[in-house]
Amino acid sequence: MNAKVHSELRAIVGDRGIVDSPTRIVPYESDGLAILRQRPELVLLPRTTEETAACMQVLHREGVPIVPRGAGTGLAGGATPVEGGVVIGLARMREVLELNVEDRFARVQAGLVNASLTRACEKHDLFYAPDPSSQRACTLGGNIAANSGGPHCFKYGNTTQHVLGLVIVTHDGEVLELTESDVEPLGYDLVGLFVGSEGTFGIATEIKLRLVRRPPVVETLLAIFTDLDSACETATKMIARRLEPSAIEILDKLTIQAVEDSVFAAGYPREAGAVLLTEVEGLEEEVSATSEDIRAIFSECGAIEVRTARDDAERLSLWAGRKGAFGAMGRVAPDLYVADACVPRTKLGAMVQQTVEIAKELNLRLATVFHAGDGNLHPNICYDRRDQDEVRRVLEAGRRILESCVDAGGSLSGEHGVGLEKLEQMEYQFAAEDLATMCLVRDVWDPDRRLNPGKLIPLRACMETRAAFIGKTPQDIAR
Amino acid sequence: MSPAKIRTSEELVDYAATLDCIHCGLCLETCPTYQLTGVETSSPRGRIHLMRAVAENNLVPDDAYRDEMEFCLVCRHCESVCPAGVRMGEMMSVARDSMHEDAPRSLGVRLARWLGFRVLLPNRAALRISGSLLRFAQKSGLLRWLAEHSPVAREQFAALAALPTVAPANLRRMLPARSPAIGSHSSSQTSVVSMFEGCVMPELYSQVNRATETVLTRLGAEVCTNPAAVCCGALHAHNGDLAGARSLAQKLINAYEPRESTEDSASTPIVVNSAGCSAHMKELAHLFDSADPWHARAEALAKRIVDFSEYVAPRLAEEQPDLRLDLSAPITWDNPCHLCHGQSIREQPLDILRSIDFGSNAFVELEGSESCCGSAGIYSALRPQDSADILDPKLDALKDSGAKLLITSNPGCQMQWQSGIRRRGLDVEVKHLAEVLDDALSRSVPESELDANERGE
C-alpha cells in the first residue's frame with residue numbers, strides 16, 4: 001500500500017484509529033498464541049460499522065489481505081496477522097446500543113468486552129451466559145468468530161446458541177444486516193453459519209445477543225481429590241447419571257499451585273492432587289436435590305473433602321481462581337501452550353492419562369485444567385520459547401494430543417477454534433471432500449480469499465477445490 | 001526463574017525475556033490508557049511486549065517506544081488483576097530510567113528535571129520558598145498570565161495554575177516536634193507514632209497534615225515529626241531517576257533509624273497520609289541489591305510504614321467513638337491507585353467512613369473508584385491533555401453519583417480532582433480522608449474533655 005492509501009484510511013478512522021509506526025505495531029504481531037508472530041503492515045481501529053465498511057472498500061480496491069481482531073486473547077492464532085496485511089481491530093467499538101429487558105436481548109458493538117455485557121444488565125437480574133475464561137478481556141466479536149464456550153456452556157450452550165442477529169461488513173465493504181426480530185430465523189440460518197467462521201466470512205460489527213435470567217439459587221461446590229483420575233471418574237459419573245449442574249471444571253495439582261500463588265488465590269488446597277469445581281442452579285428444591293446426588297458421587301469416588309461456597313464473594317473467588325488459571329501458569333514458565341480438544345465424556349479419564357504420557361515421553365511440563373462437563377480438555381504445556389528443541393517438542397505434543405482426541409471420537413477444538421494452530425490437523429479430522437466443500441462455502445463469502453487468509457481451512461484443500469472449478473492447477477493458483 | 005529484583009537495565013532485559021507474562025490479556029480492561037485509546041500497544045501487555053522485543057533484540061527503542069513508556073501512568077491497576085504476578089511498577093521504573101541513556105533529553109527538560117528532582121523536592125528550605133513564590137504568583141495573577149502568554153512551557157504553567165491556592169505562611173507552619181495525645185484512652189491505645197509530613201504536603205495541603213495530626217492525637221497517639229525526613233523519592237523512581245530515588249531513600253532511612261537524638265525506636269510506626277509515598281516507602285528495598293546493607297535497612301524501615309487509613313481503622317474500631325457529621329449532600333470515596341493497587345488497602349478507608357454517621361446523606365459508591373484519576377505523580381504536568389482525558393470518564397461517574405463531597409487519600413489525586421471539577425464546573429468539594437475524620441471527631445469529642453486537655457490537665 002502506498003502513502004496515499006494510508007492517508008485515505010487515516011481520513012476514515014482518524015489519527016487515533018490507525019497504528020502504523022513500526023514500533024507501535026509490534027504488540028499486534030501475535031494473539032494469545034505468542035509462538036506464532038507476524039507483524040502486519042497496518043492496524044485500523046474503526047469506531048462504527050460505517051467506518052469499517054469504508055475501510056473494507058478501500059482495502060478491497062487495493063486487494064489487501066485483512067485479519068480481524070478482537071482483544072487478541074485467542075489461543076489458536078486466529079488473529080495472527082499476515083505479511084503485508086491489515087489488522088482491523090474492534091477495540092474502539094464498545095458501545096451497548098440497546099438493552100431490551102422485556103424481550104431479553106442486547107444489541108452491542110462487536111468490540112464490547114464479554115464481561116461488560118453482564119455488568120450492563122445485571123441490575124435487571126439478567127446475564128450473558130457464555131463465559132470464556134478470558135471474559136474480562138475478550139470481545140463479543142471475537143467470541144462470534146471462535147464460537148467461544150466457557151465453564152457454564154455445559155448448561156447454556158456455546159456462543160452460537162445466544163446470537164440472535166448480526167450486522168456484518170463483507171469482504172468488499174458491503175453492510176449486511178442479518179438481524180431478525182424473531183427468535184427462529186426464516187430461510188437459511190446465515191447467522192448460524194457465520195458464528196465460528198473465524199473471520200473468514202466477514203467482520204461482524206454489531207451483534208444482537210440473548211440475555212438469560214439469573215437463577216434464583218446457585219450452589220457452588222468444590223471437591224478435593226488426591227489424584228486426577230478420581231476427579232475425572234467423578235465427572236464421568238455425574239454425566240452418566242444425568243445430573244445437570246451448570247458447570248463441571250477440573251484443575252490438576254500444578255495448576256492449583258500456580259493459582260494459589262497468584263492474586264486469584266481461591267483457597268484450593270495446595271496438597272490436593274486435583275479439585276473439581278461444580279455449580280448447581282435453579283429453584284431451591286431442585287438445587288438441593290441435585291447437590292445431594294452430586295455429593296453422593298463425590299464420596300463414592302473418594303473425595304477427601306467437599307466445600308460449599310458460603311456466599312457470593314466466595315463463589316466468585318472460586319471462579320476467579322479457575323479463570324485466572326491460564327495467566328497464572330506464567331509463574332511456571334515464560335510461555336504456555338494451551339491445547340484445546342474434545343472427547344466423549346466417557347473417555348475423559350483415559351484421554352487425560354494419555355496426555356500425561358505424551359508429555360512425559362517428550363519431557364515436557366504439563367498442567368491440566370478442563371471443562372469436564374463438555375469433555376473439553378485444556379492440557380497446558382509450560383515451555384520457554386527461546387529453547388528451540390523444546391518448542392519443537394511442544395508442537396509435537398500438541399499434534400499428538402489433538403490426533404488422539406480425534407482417534408477417541410472427539411474433536412479438534414472445544415472452543416478456541418482452528419486458527420493457524422490446528423490447520424494441519426484439519427486434514428486429520430476431515431476427508432479431502434469435506435474440506436473442499438467448506439472451501440466452496442468460504443468462496444461465497446470471500447471470493448478473493450483476503451479475509452483471514454491461511455486460517456481455519458488448509459490452503460492446499462482450498463487450492464484443489466478452486467482448481468477443480470476453474471480448470472487451473474493448484475500451482476497456477478499459488479502463482 | 002525471573003530475577004528477584006529489577007534494578008538495572010540488564011536485569012530488566014533478563015526479566016522481560018524470561019517474563020511471567022504469557023499474554024493472557026486480563027490486564028487490558030484495567031488499563032486507563034488502553035481504555036482511552038483502544039490501542040493494544042498502550043496496554044500493560046503491549047508495553048511488556050515492547051520491552052520483551054527490545055530485550056530479544058527484535059526492536060530498537062525509538063521515540064515511539066519512549067512515548068509509550070511515558071504514556072503509562074504507573075497506576076499498577078494491572079498488578080491487581082495479573083494472575084502471573086508481573087511487577088509492572090518495578091519494570092516501568094527501570095524501563096524509564098534506562099531509556100534515555102542513548103537518547104538524552106533536551107537541555108530544557110534536563111534543567112527542569114534537575115531543578116525539580118535534585119534541588120526542590122529533597123530540600124525543605126527550597127520547598128518553603130517555592131511555596132511562598134507560588135502563593136505570590138497565584139495572588140498577583142502572574143501565574144494566570146504565564147499560563148496564557150508564556151513563550152515557553154505554557155502547558156506546564158497551566159498545570160501550575162491548576163494547583164490549589166497556597167495558604168498564607170502562618171498556616172503553612174510545619175507541625176510541632178511533639179504533640180501529646182488528647183483525651184483519656186485505654187493503655188493499649190496510647191502510643192508514640194512518627195508522622196511523615198512529606199515534601200509538598202506542608203506547602204499545598206498543610207490543613208491535611210494538621211488534620212492527620214489531630215486525628216492521631218485524638219485516637220490516643222503522641223505524634224512526633226521528623227525534620228530530617230523530607231521527600232521519599234517516589235516521584236523520582238516513577239519518572240526515570242533511580243539514582244535520585246536511591247539517594248533520597250538513604251536519607252530517609254537515616255532520618256528514621258533509631259538513635260538517641262530522635263524519638264524513633266525500631267518499633268515506632270511511621271504514619272504516612274499520602275498513598276503514593278506510603279506505597280513507595282514500603283518498597284524502598286527494591287532499589288538496592290539484596291547483598292547491599294541498605295537493602296536490609298530499607299526493609300526494616302518498610303516494616304514501620306503504615307498508611308493513614310491502615311493505622312486509624314483498627315484503632316477507631318476499638319475506640320468506637322460516636323461519630324456524626326451532618327452534611328447537606330451525599331459523599332463518595334475514590335481509592336488512590338497506590339493505596340488499592342500498590343498496597344492492597346481497600347477495606348480500611350471504607351471502615352473509617354462507615355464508622356461515621358452522615359445523617360440522612362448516605363455514602364454513595366463511585367463507579368470505577370479503583371481506576372486512575374490521571375494525576376499519577378507529575379504526569380498531570382508532563383502530559384496535561386492525556387491526564388485530563390483519563391479523568392473525564394471519572395468526572396462523568398462523579399456527576400452520576402450525585403455526591404457533593406469526594407474523599408480521597410493522596411495529594412496528587414486531590415489536586416487532579418479539584419482541577420477537573422473546576423474545569424467541568426461541578427459543585428463538588430474534595431477532601432482528604434483525614435480532614436473528614438477530623439471534622440467528625442472534633443464534633444464528637446465531649447467539650448469537657450477538650451477543655452481539660454487544653455488546660456493542660
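Each reported figure results from applying straightforward, stated rules to the coordinates on display, with no laboratory input. This one's a predicted model, so the numbers in the text were calculated from it and none came from an experiment. Because the Cβ atoms are built from the backbone with ideal geometry, glycine has one as well, and the counts that use them run over all protein chains shown.
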Counting alpha carbon pairs within less than 8 Å and at least 6 residues apart, what relative contact order, in whole percent, applies to chain B? 14
How would you order B:61-72, B:46-57, A:107-118 from highest to lowest mean count of nearby Cβ atoms within 10 Å? A:107-118, B:46-57, B:61-72
For B:LYS404, list the lysines whose Cα falls under 23 Å from its own Cα; do not include residues on the same chain fewer than 8 positions away. B:LYS394, B:LYS431
With Cα coordinates, the longest principal axis of chain B makes an angle with the long axis of helix B:88-98, in degrees rounded to 10, of 60
Does anything in the stretch A:221-241 have its amide N under 20 Å from the 7 Å Cα→Cβ label point of A:GLU260, and if so which residues? A:221-232
In what sequence, highest mean first, do B:317-328, A:46-57 appear when ranked by Cβ atoms within 10 angstrom? A:46-57, B:317-328
Quick check: convex hull of the Cα atoms in the protein assembly as shown, volume per residue, rounded to a whole Å³? 191
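If you take the beta carbon distance between A:SER7 and A:GLU177 as r and set R0 to 35 Å, what does 1/(1 + (r/R0)^6) give as a FRET efficiency, to the nearest 0.05?
0.70
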How about A:LYS422: which lysines have a C-alpha closer than 28 Å to its C-alpha, ignoring those fewer than 8 places off in the same chain? A:LYS155, A:LYS253, A:LYS323, A:LYS347, A:LYS360, A:LYS455, A:LYS472
Apply 1/(1 + (r/R0)^6) to the Cβ-Cβ distance of A:GLU95 and B:ALA169, taking R0 = 51 Å, and write down the FRET efficiency to the nearest 0.05. 0.45
Of A:THR368, A:THR160, how do they rank once you tally other Cβ atoms within 10 Å and put the fewest first? A:THR160, A:THR368
Say a paramagnetic label sat at a point 7 Å from the Cα of A:ARG213, along Cα to Cβ; which residues of the stretch A:273-287 have their backbone N under 13 Å from it? A:282-284
How large is the translational diffusion coefficient of the stretch B:171-311 in µm² per second when you combine the Kirkwood radius over alpha carbon pairs with Stokes-Einstein at 25 °C and 0.890 mPa s? 160
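Suppose R0 equals 56 Å. What FRET efficiency, 1/(1 + (r/R0)^6) with r the Cβ-Cβ distance, do A:THR48 and B:ALA228 give to the nearest 0.05?
Numbers: r = 59 Å, r/R0 = 1.05.
Once the sixth-power term is evaluated, E becomes 0.40.
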Length-normalised contact order of chain A, Cα under 8 Å, at least 6 apart, in percent, tallies to 15
Cβ neighbours within 10 Å from other chains - mean over B:75-83: 4
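Take each of the peptides B:80-90, B:129-139, average the number of other beta-carbon atoms within 10 Å over its residues, and list them starting from the highest.
Values: B:80-90: 22.5, B:129-139: 15.6.
Listed from highest to lowest mean packing, they are B:80-90, B:129-139.
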What does the structure give for A:384-390 when I average, per residue, the other chain Cβ atoms found within 10 Å of the residue Cβ? 1
For chain A, what does the helix formula give at 222 nm: sum of -39500 (n - 2.57) over DSSP H segments with n ≥ 4, over the residue count, nearest 500 deg cm²/dmol? -11000 deg cm²/dmol
With charges set only on the Cβ (+1 for Lys and Arg, -1 for Asp and Glu), what does the dipole of the protein assembly as shown come to about its Cα centre, in debye to the nearest 20? 2600
Selected from B:ALA147, B:GLY108, B:LEU121, residue furthest toward positive end of dipole (the stretch B:107-167; charges at beta carbon): B:LEU121
Treating only the Cβ of Lys, Arg, Asp and Glu as charged (+1, +1, -1, -1), what charge dipole size does chain A show about its Cα centre? Round to the nearest 20 debye. 1120
Percentage, to the nearest whole number, of Cα pairs in the stretch A:260-368 over 17 Å apart: 67
What distance in nm lies between label points placed 7 Å from Cα along the C-beta direction at A:ASN363 and B:ALA291? 3.2
I want the antiparallel fraction of DSSP beta bridges within the protein assembly as shown, as a percent rounded to 5. 70
Base-10 log of normalised Debye intensity for chain A (one unit scatterer per alpha-carbon) at q = 0.06, 0.09, 0.12 Å⁻¹: -0.27, -0.62, -1.10
Residue mean of other protein chain beta carbons inside 10 Å, B:26-32: 5
Taking the 0 to 90 degree range and rounding to the nearest ten, how far is the long axis of helix A:49-62 tilted relative to the main principal axis of chain A, both from C-alpha atoms? 50
Taking the alpha-carbon set of chain B, what are its Rg and Dmax in Å? 22.0, 73
Would you calculate a helix-derived [θ] at 222 nm for chain B, using -39,500 (n - 2.57) for each DSSP H run of n ≥ 4 and dividing by the full residue count, to the nearest 500? -14500 deg cm²/dmol
